[in-house]
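The values are calculated or read from the model by the stated rules, or taken from the named source; none is laboratory data. What you see is a predicted model, and the numbers here were worked out from it, not measured in a lab. Don't worry about glycine lacking a Cβ; one is built from the backbone with ideal geometry, like all the others, and counts go over all protein chains shown. The accessibility values were calculated without ligands, DNA or RNA, using every heavy atom of the protein model including side chains. Shrake-Rupley method; radii C 1.70, N 1.55, O 1.52, S 1.80 Å.
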Amino acid sequence: MDAKELSSQLKKPTGETGLEIARALNDSNRGLYDLAFQLLELKPGQHILEIGFGNGIHFPKYFELQSQLKVHGVDFSRDMCEEARKLNSELINTEKLAVHCAETTSLPFSGNTFDLAVALNVIYFLDPPETHLKEIHRVLKPSGLFLIGYRPRHSVEHMEFTRQNFILYESDELKPLFEHNGFEIIEETVNSYEKLSMDGIRNEIKDACLLVRKI
């Protein structure tokens, strides 16, 4: 797979190739998900929105942290929505989880619905970001939280696939973007570690989570 196709599949996993990409992302994104879940302080009865959930393999983790939640997942890939429904049929059947195939520019929810929104390795694909952030702001409750997981530009820009479809950010660019779109910065956490790539080369991975609040 060339860099252009990989970039497109990372943005919107589609078909059998997309399913393979999603399974690979479960591994490559594990550190970011672990960091995000460490930061979450979930409370009984909260309504959670996750944007861009891939194949949804991690949805059960929310309920390991707090069993009394209602989680909605939104992804614009129909193949990912279908796969997430297959992998989480019990959660869906018990009405703990609902999966929606939709764009973040037009979320299928009333305003002031969610206590928390989560988007991990998604911010690069929100173009233009202001349009998407306005809609996420709309569906969050007053003082609702938004957790954004990402990898800073300097840590991934050497990868050829990031040169298409990706808008990369450093922390000092991302924070004002949110402040100018109705959010206040709560905290940022960064975790760095080494990982062995498929070609046997050790690469430094830098995961970052930015927590913001609707104002």
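Once phi is turned into ³J(HN,Hα) by the Karplus curve 6.51 cos²θ - 1.76 cosθ + 1.60 with θ = phi - 60°, what whole-Hz value does each residue of the range 92-104 show in order, with x for glycine and proline?
The phi angles translate into 6, 5, 8, 6, 7, 10, 10, 10, 10, 9, 7, 8, 6 Hz.
Over the range 96-186, what is the relative contact order in whole percent, taking alpha-carbon pairs under 8 Å and six or more residues apart?
Value for the range 96-186: 31 percent.
Would you work out the relative contact order for the range 3-120, in percent, from Cα pairs under 8 angstrom that are 6 or more residues apart?
29 percent
Divide by every residue of the chain the summed helix terms, -39500 (n - 2.57) for each DSSP H run of at least 4, and state the resulting mean residue ellipticity at 222 nm, rounded to the nearest 500 deg cm²/dmol.
Calculated from helices alone, the mean residue ellipticity at 222 nm is -10500 deg cm²/dmol.
D172 to Q38: FRET efficiency via 1/(1 + (r/R0)^6), r the Cβ-Cβ distance, R0 25 Å, to the nearest 0.05?
0.60
Take the Cα of D27, step 7 Å along the line toward its Cβ, and report every residue of the range 50-73 whose backbone nitrogen sits under 19 Å from that point.
54-58
Tally Lys/Arg at +1 and Asp/Glu at -1 over every other residue whose Cβ is under 15 Å from the Cβ of G31; what's the total?
Details: positive: R30, K61, R151, K195, R202, K206; negative: D27, D34, E194, E204, D207.
So the surrounding residues net to +1.
Enumerate the amide H contacts of A117 below 5 Å, restricted to partners 5 or more residues apart or on another chain; note that Pro and chain-start residues carry no placed amide H.
The answer is L49, L145, F146, L147.
Can you give the relative contact order of the chain as a percent, counting alpha carbon pairs under 8 Å and 6+ residues apart?
19 percent
Check the chain for me: any Cys whose beta-carbon has no other cysteine beta-carbon within less than 4.7 Å?
C209
Does anything in the range 52-74 have its amide N under 15 Å from the 7 Å Cα→Cβ label point of H100, and if so which residues?
52-53, 70-74
Could you tell me which of I51, F166, L120 has its Cα farthest along the dipole of the chain towards the positive end, charges placed at Cβ (Lys, Arg +1; Asp, Glu -1), taken about the Cα centre?
Of the candidates, I51 comes out farthest on the positive side.
Just give me a number: lysine pairs in the range 61-205, eight or more positions apart or cross-chain, with C-alpha atoms less than 17 Å apart.
7
With every protein chain present, what is the per residue accessible area of the chain (1.4 Å probe, Å²)?
50 Å²
Give me, ordered by chain and number, the residues 5 or more places off L107 or on other chains with an amide H under 5 Å from its own placed amide H.
none
Identify which of the listed values of volume of the Cα convex hull per residue in Å³ was calculated from the structure shown: (1) 115; (2) 156; (3) 140.
(1)
With a sphere of radius 13 Å drawn around the Cβ of D75, what net charge do the other residues whose Cβ falls strictly inside it have (Lys, Arg +1; Asp, Glu -1)?
-1
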